[in-house]
There are 4 protein chains.
Amino acid sequence: MSIAKMIAAHPDVAGNLNEPLALVVKHMMYCAAICTSCADACAAEEVDAMRRQCIRVCADCADVCDAAFKLATRRTGSNEALLQTMLRTCIEACIICADHCAMHEDDHCRRCAEMCRECAADCEKALATFQ
Amino acid sequence: MSIAKMIAAHPDVAGNLNEPLALVVKHMMYCAAICTSCADACAAEEVDAMRRQCIRVCADCADVCDAAFKLATRRTGSNEALLQTMLRTCIEACIICADHCAMHEDDHCRRCAEMCRECAADCEKALATFQ
Amino acid sequence: MSIAKMIAAHPDVAGNLNEPLALVVKHMMYCAAICTSCADACAAEEVDAMRRQCIRVCADCADVCDAAFKLATRRTGSNEALLQTMLRTCIEACIICADHCAMHEDDHCRRCAEMCRECAADCEKALATFQ
Amino acid sequence: MSIAKMIAAHPDVAGNLNEPLALVVKHMMYCAAICTSCADACAAEEVDAMRRQCIRVCADCADVCDAAFKLATRRTGSNEALLQTMLRTCIEACIICADHCAMHEDDHCRRCAEMCRECAADCEKALATFQ
């Protein structure tokens, strides 16, 4: 159960795996799941304006990470310009979400903020491979 | 069954519906569906390098439109900077997909190209409301 | 912009469109969007236990409809047993969501309940075409 | 980056984590990703009728696992009957996909079949916790 090994098995990759891109696929996948979970957990807390905003930015970040990780998984044909744009969009979504979750003290928001910052940093590393 | 009426029923919208934004939500939803269908139809055609690229750009465009339409649907809290970035990303995905589908003569690619161009134009109109 | 015309353009459909199946694709797509919107609108209301449950069943119904409509869109190859199971799962998700939303008086829940009942009825009609 | 620890941090879980359900969430998430990757890799192989069917069952399985894992992640409110139905639907999708991928000799299909069988077995274990 390894995303990197699965992508390496693609007929057009054939051993030439872009390691930072494979890593960010995995972390965007996890980030989509963690943000989905955080939005759900926030709805179970006392919901005031701050918490509503947290539900919003987590749900948005989950959707962006979900799309970004699917684009970054594909190796048939080529769509590099769009992939780079999507990685940048993902960085923006993750930083907004991390900054908001960091304002809450509960454990799920702390974990979500940490995941989002790690995901944003991995997107930067993946982007650097395209220069 | 109206996306615009549904968004207008949101407690924080209360009659102040951003019409171009409501319209693009609907068209991004349709564009995600049409691109999913076109990728599936292309896999049933004779698959050469051109067709593979069409499957790829349609699948990527479907994922981007899907995420973009969910972000644009939400009215709880506010995430405007990210929404604008996502609309721009959606324009890029749609134009890439439209340009490729326009090179094929089959009816599903023709319909997909048309949908993508309309969606990109609607994203521009929605973006203009944020200036 | 017609889901039915798009599916009819699939090379393996070639005019033999299953009309009730094409209709339910469209309504499951709308139902996924309306439920996503209702979950978001509920988070902007006063959130008590009833409202939390509404957010939950709407979010779950959105995910089920989203998967079901993608399965029902595809016409390459054949996956009929799974499609029938998914239509039945969609009926269950829609009825649960409709029953809960019907307990709330706000306009978005009323619209969501209506959409879910219509979607469940259309799934029944599509299922009948497989007998 | 642990799905189980994230779900354990939900305010309504508070230490009472359903371990088999947390494990299946992670494996359904991975299975959705692996099936998305396998559908993409199959489109890069020589595409005949067998390969088309593989693209179809992988794409369908990805969508079902994606919805199932999101439902199984949520702990706000309760939707247990639907969750059980969805786990059963996921088992069906995974077995169909595993059986088809097992007929191909390439590494990505072999990995996909293995993932799908593991996911189906984990769904069974999660279902057993509801009896």
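Read through the list (1) within 14 Å of chain D (Cβ to nearest Cβ); (2) open to solvent by 10 Å² or more (accessible area, probe 1.4 Å), then give the number of the only condition that residue C:111 fails.
For residue C:111, the exception is condition (1).
Counting just the residues of the range A:1-12 that are under 15 Å from residue D:39 (Cβ atoms) and surrounded by 16 or more Cβ atoms within 10 Å (Cβ to Cβ), which one comes out farthest from the chain's Cα centre (by Cα)?
So in the range A:1-12, the residues under 15 Å from residue D:39 (Cβ atoms) come out as A:3, A:6-7, A:9-12.
When the remaining residues are screened for being surrounded by 16 or more Cβ atoms within 10 Å (Cβ to Cβ), the result is A:3, A:6-7, A:9-11.
On the way: A:3: 14, A:6: 19, A:7: 18, A:9: 23, A:10: 22, A:11: 26 Å.
Selected residue: A:11.
Tell me, which residue of the range D:1-30 that is assigned to a loop (DSSP other than H, G, I, E, B) and facing another protein chain (nearest Cβ under 7 Å) is nearest to residue A:24 (Cα to Cα)? Reasoning before the result, please.
Of the range D:1-30, the ones assigned to a loop (DSSP other than H, G, I, E, B) are D:1-2, D:9-18.
Still in the list and also facing another protein chain (nearest Cβ under 7 Å): D:1, D:9-12.
Details: D:1: 13, D:9: 24, D:10: 26, D:11: 29, D:12: 31 Å.
Across the range D:1-30, the extreme among qualifying residues is D:1.
Answer yes if at least one residue in the range C:59-66 is acidic (Asp, Glu), part of a helix (DSSP H, G or I) and away from chain D (no Cβ under 11 Å), and no otherwise. Walk me through it before giving the result.
Step one: of the range C:59-66, the residues acidic (Asp, Glu) are C:60, C:63, C:66.
Going one step further and asking which of them are part of a helix (DSSP H, G or I), we end up with C:60, C:63, C:66.
With the extra rule that they be away from chain D (no Cβ under 11 Å), the set shrinks to none.
No, because not a single residue in the range C:59-66 is acidic (Asp, Glu), part of a helix (DSSP H, G or I) and away from chain D (no Cβ under 11 Å).
Considering only residues that are over 14 Å from residue C:24 (Cβ atoms) and open to solvent by less than 60 Å² (accessible area, probe 1.4 Å), which ones fall in the range C:82-101? Give the derivation first.
So in the range C:82-101, the residues over 14 Å from residue C:24 (Cβ atoms) come out as C:82, C:85, C:92, C:95-101.
Hits for the range C:82-101 are C:82, C:85, C:92, C:96, C:97, C:98, C:100, C:101.
Would you tally the residues in the range A:106-121 being in contact (Cβ under 8 Å) with a residue 24 or more places away in the chain and in a helix (DSSP H, G or I)? So that I can check it myself, show each step before the final result.
Just the residues of the range A:106-121 that are in contact (Cβ under 8 Å) with a residue 24 or more places away in the chain, to begin with: A:106, A:108-109, A:111-112, A:115-116, A:118-120.
When the remaining residues are screened for being in a helix (DSSP H, G or I), the result is A:108-109, A:111-112, A:115-116, A:118-120.
Final tally of qualifying residues: 9.
Each row is one residue, and each column tells you yes or no for (1) within 25 Å of residue C:17 (Cα to Cα); (2) free of Cβ contacts under 8 Å to residues at least 12 places away in the same chain; (3) out of contact with any Leu (no Cβ under 8 Å at 6 or more places or on another chain).
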| position | (1), (2), (3) |
| --- | --- |
| B:25 | no, no, yes |
| B:32 | yes, no, yes |
| B:42 | yes, no, yes |
| B:52 | no, yes, yes |
| B:60 | no, no, no |
| B:78 | no, yes, yes |
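Among the candidates C:102, C:98, single out the residue that is within 16 Å of the chain's Cα centre (by Cα) and among the aliphatic types (A, V, I, L, M).
Values: C:102 fails: within 16 Å of the chain's Cα centre (by Cα).
Selected residue: C:98, the only one of C:102, C:98 that is within 16 Å of the chain's Cα centre (by Cα) and among the aliphatic types (A, V, I, L, M).
Which one of D:71, D:87 is more than 9 Å from chain C (Cβ to nearest Cβ), touching a helix residue (DSSP H, G or I) at 6+ places or on another chain (Cβ under 7 Å), part of a helix (DSSP H, G or I) and closer than 25 Å to residue C:61 by Cβ? Full working, then the answer.
Working: D:71 fails: more than 9 Å from chain C (Cβ to nearest Cβ).
On inspection, the qualifying residue turns out to be D:87.
Would the range B:39-50 turn up any residue that is surrounded by 24 or more Cβ atoms within 10 Å (Cβ to Cβ), more than 12 Å from chain A (Cβ to nearest Cβ), closer than 23 Å to residue C:8 by Cβ and out of contact with any strand residue (DSSP E or B) (no Cβ under 7 Å at 6 or more places or on another chain)?
Going through the range B:39-50, the residues surrounded by 24 or more Cβ atoms within 10 Å (Cβ to Cβ) turn out to be B:39-43.
Restricting the remaining residues to those that are more than 12 Å from chain A (Cβ to nearest Cβ) gives B:40-41.
Adding the requirement that they be closer than 23 Å to residue C:8 by Cβ leaves B:40-41.
Next cut, out of contact with any strand residue (DSSP E or B) (no Cβ under 7 Å at 6 or more places or on another chain) only: B:40-41.
Yes, because at least one residue in the range B:39-50 is surrounded by 24 or more Cβ atoms within 10 Å (Cβ to Cβ), more than 12 Å from chain A (Cβ to nearest Cβ), closer than 23 Å to residue C:8 by Cβ and out of contact with any strand residue (DSSP E or B) (no Cβ under 7 Å at 6 or more places or on another chain).
Applying the selection to the range A:90-105, what residues are in a helix (DSSP H, G or I) and farther than 14 Å from residue A:21 by Cβ?
The first filter runs over the range A:90-105 and keeps only residues in a helix (DSSP H, G or I), leaving A:90-101.
Listed by number, the residues that qualify are A:91, A:92, A:93, A:94, A:95, A:96, A:97, A:98, A:99, A:100, A:101.
The values are calculated or read from the model by the stated rules, or taken from the named source; none is laboratory data. Every value quoted in this text rests on a predicted model; they were computed, and no experiment measured them. Ideal geometry is used to build each Cβ from the backbone, glycine not excepted, and the neighbour counts take in all protein chains shown. All accessible areas refer to the heavy atoms of the entire protein, side chains included, with ligands and DNA or RNA removed. Shrake-Rupley method; radii C 1.70, N 1.55, O 1.52, S 1.80 Å.
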